[in-house]
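Working notes, structure below.
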Amino acid sequence: MPKIIDMKQYKDQIAKIPIFSYLAEKEFRKLLKSADLLAFEDGEKIIFQGELSDYFFGIVKGKVDVSTREKKKEVFIYSIGEGEIFGEAAIFMAEQRTANVHSSGDSIVVRIHRKEIVSLIKYHPISANRFLILIIYSLLKKMRASTEEIAGSKTVYMDSKELHTRIRRFLK
């Protein structure tokens, strides 16, 4: 169970998260006023695959691991650390989460509800554009990492297959 932390002592660290650093002070304070700052222990789940959630997160301290559950097996995807965001899809879609996210070591994350982001978009379009560009950048970065992981897996498989073929040829 996450522990709720007083936002005041981490305000400066939260402001350094790139997605928040482009907001005007007034907009930043408004988002923080409605946000939750949560502390998670090592291994504690932050997002559960399959759950519906309207929250988006920023990592203030520590790191988290992202994984999916396939055929009763947990498959690691990647880790993300301080200053990065996750759960961005919840801003745009009310659909089930596609992955699990759990704390890797102790971590502190800021959690913001979709309605607060929608309010930012509606009432502060200039800041919202910057905010959305950074979300898009974050999603593209994760997509690239996943693509490289998939490509790397295939390359290793292909190299291994080629190696076995060469060994068989050599032994003939």
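The values are calculated or read from the model by the stated rules, or taken from the named source; none is laboratory data. Source: prediction; values computed, not measured. Reconstructed Cβ throughout: ideal geometry from the backbone, glycine too, with neighbour counts over all protein chains shown.
Can you tell me which residue among Leu140, Leu134 is farther than 17 Å from Ile59 by Cα and hydrophobic (A, V, I, L, M, F, W, C)?
Going through Leu140, Leu134 in turn, just one is farther than 17 Å from Ile59 by Cα and hydrophobic (A, V, I, L, M, F, W, C): Leu140.
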**Item:** Residues located in region 97-111, provided they are touching a Ser or Thr at 6+ places or on another chain (Cβ under 9 Å) and either of a type outside the set (A, V, I, L, M, F, W, C) or buried (at least 22 other Cβ atoms within 10 Å of the Cβ) (or both)
**Value:** Arg97, Thr98, Asn100, Val101, His102, Ser104, Val109
**Asked** Is it the case that some residue within region 32-46 is without any contact (Cβ under 8 Å) to a residue 24 or more places away in the chain and surrounded by fewer than 20 Cβ atoms within 10 Å (Cβ to Cβ)?
**Response** yes
**Prompt:** Say we look at region 74-100 and pick out the residues that are within 24 Å of Lys115 (Cβ to Cβ) and part of a strand (DSSP E or B); which of these is modelled with the lowest pLDDT?
**Reply:** Gln96
**So Ile108, is it assigned to a strand (DSSP E or B), of a type in the set (A, V, I, L, M, F, W, C) and modelled with pLDDT of 95 or more** = yes
**Asked** Here are some residues: Glu148, Glu82, Glu88. Which one is among the acidic types (Asp, Glu) and exposed (fewer than 14 other Cβ atoms within 10 Å of the Cβ)?
**Response** Glu148
**Residue list for region 15-47, restricted to those being assigned to a loop (DSSP other than H, G, I, E, B) and either of a type in the set (Val, Ile, Thr) or at pLDDT 95 or above (or both)** = Ile17, Ala35, Glu41, Asp42, Gly43, Glu44
**Item:** Residue count, region 17-29 (criterion: touching a residue at least 60 places away in the same chain (Cβ under 8 Å) and surrounded by 14 or more Cβ atoms within 10 Å (Cβ to Cβ))
**Value:** 6
